[in-house]
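Worksheet for the structure shown next.
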Amino acid sequence: MPRHAAEGPVDAPGDAEGPWTRIGLWSARMGLVLAVVVIVLAVVTRPSWSSQGFDADGYPLAVLPDVALVCALVLGVGWPWFSGIAASTRSVHRDGDELVAVTVYGRRRVRSAGARLVRFRMLTNVGTVHGALLVDRRLRPLVVLDPIGAGGGSRLQALLGDGSGAIGRVVLEHVLGFVWLLATVVVVMGLVTALLVLFDAP
């Protein structure tokens, strides 16, 4: 994996150890625990809240199941972060030939040598979001992604090397980005459907 010439900003922890990163990580950790607790509580107390009745459209009058569905939606949308395989470009730095990523479950180290790299791009309301999927020799994935699409392309290039290329490569990166979005939709639908099935179980 080629190293970019401008190594200064990415060879030091920088924002990876900054207060905003720590706030985001701890918020995600607490949010994950809270979401799981709410979902479990909604499932085990189904007889209680279902006794309050349902409206004309079949939705429960109780608030708890609605909150649980929102939690499932949030977990589905943010599954790469909540599962610990994703890190923002701002929480990643390089340490020699290793990438050090700060994830929800702690630090991850991926050795550049021998790692497989797949880049992708997504078009969003904030612009083009650049990301990359790395798989190390132990087949452990790490997704480096800028969720807000602000400067992610240059940061990703500095971390992983020059990702620019022919039009065909750019088109492929957009196709892979669409696949990434499709996978997120599948995860969201899977979690919500599973929760609805649990709500309907006797």
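The values are calculated or read from the model by the stated rules, or taken from the named source; none is laboratory data. Treat the numbers as computed from the prediction; the structure is a model and nothing was measured. Heads up, the Cβs are rebuilt from the backbone with ideal geometry, glycines too, and the neighbour counts pull from every protein chain shown. Keep in mind that these areas ignore ligands, DNA and RNA; they rest on the heavy atoms of the full protein, side chains included. Shrake-Rupley method; radii C 1.70, N 1.55, O 1.52, S 1.80 Å.
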Checklist entry - Label point 7 Å out from PHE54 along Cα-to-Cβ: which residues of segment 181-202 have amide N under 18 Å? => result 192-202
Next on the checklist: Under the 0.36 nm per residue contour assumption, what length would be gained going from the current alpha-carbon distance of VAL70 and THR193 to full extension?
Outcome noted: 43.0 nm
Checklist entry - Which peptide among 58-66, 116-124 comes first, and what is the full order, when sorted by highest mean count of other Cβ atoms within 10 Å? => result 116-124, 58-66
Checklist entry - If you average the sequence gap of Cα pairs under 8 Å that are 6 or more apart and divide by the length of segment 43-141, what percent do you get for the contact order? => result 13 percent
Checklist outcome for this item: Contour minus Cα-Cα span, ARG107 to VAL135, at 0.36 nm per residue, comes to 8.5 nm
Checklist entry - With every protein chain left in place, what is the accessible area per residue of segment 37-105 in square angstrom, probe 1.4 Å? => result 47 Å²
Item to check | Euclidean distance between Cα centres, segment 20-63 to segment 73-149, Å | outcome: 28 Å
Checklist entry - Measuring from label point to label point, each 7 Å out along Cα→Cβ, what is the THR124 to VAL179 span in nm? => result 2.0 nm
Next on the checklist: Could you give each residue of segment 72-82 its phi-based ³J(HN,Hα) in whole Hz, using Karplus coefficients 6.51, -1.76, 1.60 with θ = phi - 60°, and x for Gly or Pro?
Outcome noted: 5, 5, 5, 4, x, 5, x, 4, x, 6, 5
